[in-house]
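The values are calculated or read from the model by the stated rules, or taken from the named source; none is laboratory data. Because the structure is predicted, anything quoted here is derived from the model rather than measured. Note: ideal-geometry Cβ built from the backbone for every residue, glycine included; neighbour counts use all protein chains shown. Just so you know, the surface numbers come from the protein's heavy atoms only, side chains and all, with ligands and any DNA or RNA stripped out. Shrake-Rupley method; radii C 1.70, N 1.55, O 1.52, S 1.80 Å.
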Amino acid sequence: MITAGISVKGDFQCGSSSSPFLGKLNIKLKVGYNISGSHGSMGPRTFAVFNGGRLDLFGNKKSVTWTRLRSDAKSGQNYIEVHKNSSWKVGDKLVVSSTGFDMNEAEEVTIKSMSGTKINLTSSLKNMHYGRTKKYSSTKGTWNLNHSAFVANLTRSIVIQSHESNHQGSLLGGHVMVMPGGKAYIDSVQFDRLGRQGQMARYPFHWHRLGNGSGQYIKNSSVTNSYQRCITVHATHSVTVENNVCYNHFGHGYFLEDGNETNNVIKNNIGLISKKIPRERALLQSDITGVLDRFPAPSTFWISNPINTVEGNVAAGSQGTGFWMAFINKNICTSDSKCSNPLKSNTRAFNNNIATSSLVGITWDGAPTNASANNPNNPEDKKINSAHYSPSNKPVFKNLVAYKNRRAGIYFRGNAAEFRNAILADNKWSLFLAYSQEFFNSAIIGKSPFYTEKDLQILANQVGGSSRVGGVVVYDGPFGLKDSSFFDFPSKKIERKNKDITPYPFMMIGGANRFENKVQGLTFNPEPFKRINFVHASQNWVDSSFSASIRDIDGSLTGKRNS
């Protein structure tokens, strides 16, 4: 089906939740007339659901949308083995994620044939992809570092895509937009080559200012090769974004646009290859810039309000940040009088999320301010600056995993927060904390077996000046670390390109002398080359005239109780 646009003011249905469409439907949006509504012209290649309209799309559901490798897949190999692949078919396109620092080691492959969970490919792999888990145990607990590549199926039986090829040069594809009063129920649909780069509100799939969207959802779908974002929830509450794949997109991927979006469920989604938009087309400053070690642009998941459930998601390759909690300090409301101040609101749920192959894995810092960014593409764009998260209740984050991030695994700026059972591995800095964060029963891994020579060279490129490799970076404080274990911190010094890339459990970079950090119940296996690395004063940060201290409550760090 080739069309210049679709306006839905009644019902547009293909399949249902109880009877999905088992055939193939390909809707191609071409250049033609502009669809208009109460919000003005929506431009060419528009698929719009208006007030009173309802969109039901239910493709032939894949019971597994993404899984992980069950064994290593080496460069030159023409097959992979996965844990699950039920309902996958010959001809389906897959993406295998990077397992190194370079997100671009992810690659697309096509299924040639299958035998159980072994998948034969039509071409050979170009890169190495690990498919193993290492178990770490100490007297404080047991943790499993699963370093296996993610494998996502991109193919769906219902496809909405841009027609013709001119959009590939202009980066102006089609878009699907659900307007106020409209409804959308999407399951097992592929959105391919959509989004209009540099144009406001033109995204592959977009709930636009619905207010209460209770019951609506997009599930089990894929967004591929997007010119601008993936799935956008804009001034809309109580929708579900679940079990989707977002692959190869410009700008933020899963996107809560204004910061007033609440009570949404963002669950079990995966995103890979999040790229910066060219500066001349960026809608937000945060699409293109940030702070390198704390909130670099863009993000795979842009979470602008904590009153949402964000669980079980994977950010598997971003040019910037995996999960960016960008909470503005402002009371903001929607048309249905839902108001909140994101920077001061309590966290609904942020658990079981994984971030890898990015600059920064997970960050709570950086948000729009009141100052204009002077962005010609978006007059409402505001400058990005540090944001100190200060909810009334202490948030508790469980089972977060961050590994192979080139700058920081987790960065947090805010009031007291509690992390439990985290796994941080192979990051340049695993924990970079400002103020009152506490980690309990967590594993910090310095250098796992899952390193290639290329990874070591990339890590060396991140080192210089005050910048070393560390498990816990001792900064402002006061952080707390209790009943946690350090594993695989080398017993000998490691150098590449004449640079020290040895991971040290603690790295003192000189923070503020206002607080005392506290540790207890620590274990080290094996005994590292150094437990604490004091960076030389001439290589320290600008605030090196201040000091940083750690109180060793039980002697598990220094061997002397209360030292």
*asked:* Suppose all protein chains stay in the model; what accessible area per residue would a 1.4 Å probe give for the range 127-168, in Å²?
replied: 37
*asked:* If I model a spin label as a point 7 Å beyond the Cα along the Cα-Cβ vector, how far apart are those points for Lys126 and Cys339 in nm?
replied: 5.3
*Electrostatic dipole magnitude of the range 174-266 [Cβ: Lys, Arg +1; Asp, Glu -1; Cα centre; debye, to 20]*: 240
*asked:* Could you tell me what a quarter of the Cα convex hull surface of the chain works out to, in nm² with one decimal place?
replied: 25.3
*For the range 1-124: rounded, prolate or oblate by the Cα gyration tensor [a/c cutoff 1.5]*: prolate
*asked:* Suppose we keep just the alpha-carbon trace of the range 398-477; what are its Rg and Dmax in angstrom?
replied: 12.8, 39
*Provide the per-residue ³J(HN,Hα) series for the range 385-390, in order, calculated from phi with Karplus coefficients 6.51, -1.76, 1.60 and θ = phi - 60°, each as a whole number of Hz, with x at glycine and proline positions.*
8, 4, 9, 9, 5, 9
_Value at 222 nm in deg cm²/dmol, rounded to 500, when DSSP H runs of n ≥ 4 in the chain each add -39,500 (n - 2.57)_ = -500 deg cm²/dmol
*Carbon/sulfur fraction of accessible area - the range 1-105, other protein chains in place, 1.4 Å, %*: 47
*Once amide H atoms are placed 1.01 Å from N in the peptide plane, what residues at a sequence separation of 5 or more from Ile35, or on another chain, have their amide H within under 5 Å of its amide H?*
Met42, Gly43, Thr46
*In sequence order, what are the phi-derived ³J(HN,Hα) couplings for the range 82-89 according to the Karplus relation 6.51 cos²θ - 1.76 cosθ + 1.60 with θ = phi - 60°, rounded to whole Hz, with x for glycine and proline?*
10, 7, 9, 8, 4, 6, 6, 9
*Antiparallel as a % of all DSSP beta bridges within the range 312-464, to the nearest 5?*
15
*Within the range 379-505, percent of DSSP bridges classed antiparallel, to nearest 5*: 10
*Size of electric dipole in the chain: Cβ of Lys, Arg +1 and of Asp, Glu -1, about Cα centre, debye, nearest 20*: 620
*Assign one of three labels to the range 102-205, namely rounded, prolate or oblate, based on the Cα gyration tensor with a ≥ b ≥ c the square roots of its eigenvalues; rounded applies when a/c is under 1.5, prolate when it is not and a/b is larger than b/c, and oblate otherwise.*
prolate
*For Phe205, enumerate residues with amide H under 5 Å from its amide H, sequence gap 5+ or separate chain, H modeled in the peptide plane.*
Val176, Thr232
*What does the accessible area per residue of the range 7-89 come to in Å², with a 1.4 Å probe and no ligands, DNA or RNA counted?*
50
*With the Cα gyration tensor of the range 205-347 giving a ≥ b ≥ c as the square roots of its eigenvalues, does the rule (a/c under 1.5 for rounded; else a/b larger than b/c for prolate; else oblate) give rounded, prolate or oblate?*
oblate
*Among all stretches of the chain without exposed GluC sites (Glu not before Pro) (DSSP loop, at most 12 other Cβ atoms within 10 Å), which one is longest?*
165-379
_Spacing of the two label points (7 Å from each Cα toward its C-beta) at Ser86 and Glu453, in nm_ = 4.3
*In the range 280-326, carbon and sulfur make up what percent of the accessible area (probe 1.4 Å)?*
49
*Run the accessible area of the range 207-250 with a 1.4 Å probe and give the carbon-and-sulfur part as a rounded percent.*
33
*asked:* Taking 30 Å as R0, compute the FRET efficiency from the Cβ-Cβ separation of Asn393 and Asn144 and round it to 0.05.
replied: 0.50
_Span from the the range 252-273 Cα centroid across to the the range 328-365 one, whole angstrom_ = 10
*Restricting attention to the range 26-67, which chymotrypsin sites (Phe, Trp or Tyr not before Pro) occupy a DSSP loop and are surrounded by at most 15 other Cβ atoms within 10 Å?*
Tyr33
*Relative contact order of the range 335-391, defined on C-alpha pairs under 8 angstrom at six or more residues apart (%)*: 37
*May I ask you to derive the FRET efficiency for Lys112 and Met1 from their Cβ-Cβ distance with R0 = 25 Å, giving the value to the nearest 0.05?*
0.30
*Given H placed 1.01 Å from N in the peptide plane, which residues other than close sequence neighbours of Ala349 have an amide H under 5 Å from its amide H?*
Asn308, Val310
*Roughly how many Å² is the accessible area per residue of the range 336-392, as a whole number, for a 1.4 Å probe?*
41
_Pairing rule first: another cysteine's C-beta must sit under 4.7 Å. Under that rule, which cysteines of the chain stay single?_
Cys14
*Mind ranking 185-194, 281-290 by how tightly packed they are, going by the mean number of other C-beta atoms within 10 angstrom, highest first?*
185-194, 281-290
*Among DSSP beta bridges whose residues both lie in the chain, state the antiparallel percentage, nearest 5.*
20
*asked:* Can you work out the Karplus-derived ³J(HN,Hα) for every residue in the range 16-23? Use 6.51 cos²θ - 1.76 cosθ + 1.60 with θ = phi - 60°, whole Hz, and x for glycine or proline.
replied: 8, 4, 8, 9, x, 6, 9, x
